[in-house]
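Okay, structure first, notes after.
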Amino acid sequence: MDLTRRIREKMEKERLMFVYRGVVTNENSSSLLMLLEKEMETSELSFVGRKRLFMFVLESLQNVSRHSDKNHYGEMSLVVYSKTGNGYTVTTGNVIETERIVGLKEKLDEINNLEAGEIRSVYRDMLSHAEFSNKGGAGLGLIEMAKKTGNKLDYDFITLDDKFSYFILSKTVDSGGVGMHYTGEHTAFRGKAVAQLERIMAENNVHLIWSGHFSPDIGKEVLSFTETKLSEEDIDSNLRRKVFSILIETLENVAKYSPGRDEEEKFGMPVAMLRLIGQYFYVTTGNLIMKDKAEALKEKLDTINSCDRESLKDLFREALMKQSLESDSTGNLGLIEMARKSGNKLEYLFEEVNDTYLYYTLTLKVEERPD
């Protein structure tokens, strides 16, 4: 649970909404794009702002996919969505050869010094004269980002060893669609926090993290991305189905106890996290819960954890018999199903927030077992 608390505190402090670490592919890029689009639908971000961020994500994901060394460093690629004031920031990170930094920095600085009209002119000139390789024209992808977003690009390079470095590219847009560019000695963009997040995820085998409000649309896109990601793993199909099914149950559990958007923003945002360690998946969620509901929930959890597999089947049948058409509640069914499908106990923790709320964290270890 220390990891969950550490992740949650970092997400809250840096206002991070979504973090994915792993190989970026054409397949999962679509889900990554849709996830941001659904989040922005409920925001105050203008149409221009949404369009600019969407185009940046599209281009940067293609850039990461083209230039990442999938055999050795592709798993270190990072995609981060975060809130910034009244707008959003999208950041990507991927490993490149250190010898490429000088050339990349020159291109980025040249692009950032161009006016909007000049960007279009240079872009047309590069289309006419650039020599293309299987990874695109030299600097063409970067200037295309600047052209489509209408703003400058923030970047940083973090040295990994004597041969490789971490290239971090970022875009911030306010609610009106105006790009924010960090310059100057004290306000220059720094990628250290992003690199630290990548290391935390790598050390703990974290695939993805979501920290935000779980509306039906957001939940659907989180699940869609997870389904795509799981299908790309060399994992038994039955285990993938179990993980996906359990994630559905856990997200529904988060939504069930939500006190509302305002309270979550003040006292603790929901979190969902997926880890893969060896052949075991760990699904973790965290959310606010009112204190007066916690004791009853704890009793349910303890009852379920005291059961063996046969007892869980009996408990499930008993809970099913108690259901009625008049009630919206599913009683213990969701929690029982989580325990049955995961094949393990429900690991939980309640942490004090204030006189009204606790923060409830639930973790399930999912492994392949016969049903």
**Report entry** Amide proton proximity set for Tyr357, modelled H, under 5 Å, gap of 5+
**Finding:** Lys291
Query raised in the report: Rounded, prolate or oblate: which one fits the stretch 208-366, using the alpha carbon gyration tensor with axes a ≥ b ≥ c (rounded when a/c is under 1.5, else prolate when a/b beats b/c, else oblate)?
Result: oblate
Query raised in the report: For the chain, which whole-number percentage of the solvent-accessible area (1.4 Å probe, protein heavy atoms only) is attributable to carbon and sulfur atoms?
Result: 49 percent
Requested in this report: Starting from the stretch 78-128, pick out the GluC sites (Glu not before Pro) whose DSSP state is loop and whose Cβ has at most 13 other Cβ atoms within 10 Å.
Outcome: Glu115
**Report entry** Per-residue [θ]222 nm for the chain (sum of -39500 (n - 2.57) over DSSP H runs n ≥ 4, rounded to 500)
**Finding:** -15500 deg cm²/dmol
Query raised in the report: Can you tell me the accessible area per residue over the chain, all protein chains present, probe 1.4 angstrom, in square angstrom?
Result: 48 Å²
Report task. Could you calculate the contour length gain from Met321 to Ser245, that is, 0.36 nm times the residue separation minus the distance between their Cα atoms, to one decimal place in nm? Result -> 25.2 nm
Query raised in the report: So what are the ³J(HN,Hα) numbers for the stretch 45-60, from phi and the Karplus equation (6.51, -1.76, 1.60; θ = phi - 60°), rounded to whole Hz, Gly and Pro as x?
Result: 5, 5, 4, 4, x, 4, 4, 5, 5, 4, 5, 5, 4, 4, 5, 5
Report task. Measure nothing but the geometry: give the 0 to 90° angle between the long axis through the Cα atoms of 291-305 and the longest principal axis through the Cα atoms of the chain, rounded to 10°. Result -> 70 degrees
Query raised in the report: So what are the ³J(HN,Hα) numbers for the stretch 220-233, from phi and the Karplus equation (6.51, -1.76, 1.60; θ = phi - 60°), rounded to whole Hz, Gly and Pro as x?
Result: 4, 6, 4, 5, 4, 4, 4, 4, 5, 4, 5, 5, 8, 7
Report summary line: Measure of exposure for Glu14: accessible area at 1.4 Å probe, Å² rounded to 10, is 60 Å²
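The values are calculated or read from the model by the stated rules, or taken from the named source; none is laboratory data. Computed from a predicted structure; not experimentally measured. Note that we place each Cβ from the backbone using ideal geometry, even for glycine, and neighbour counts take in every protein chain shown. Each accessible area value is taken on the protein alone, full model and side chains, heavy atoms only, with ligands, DNA and RNA left out. Shrake-Rupley method; radii C 1.70, N 1.55, O 1.52, S 1.80 Å.
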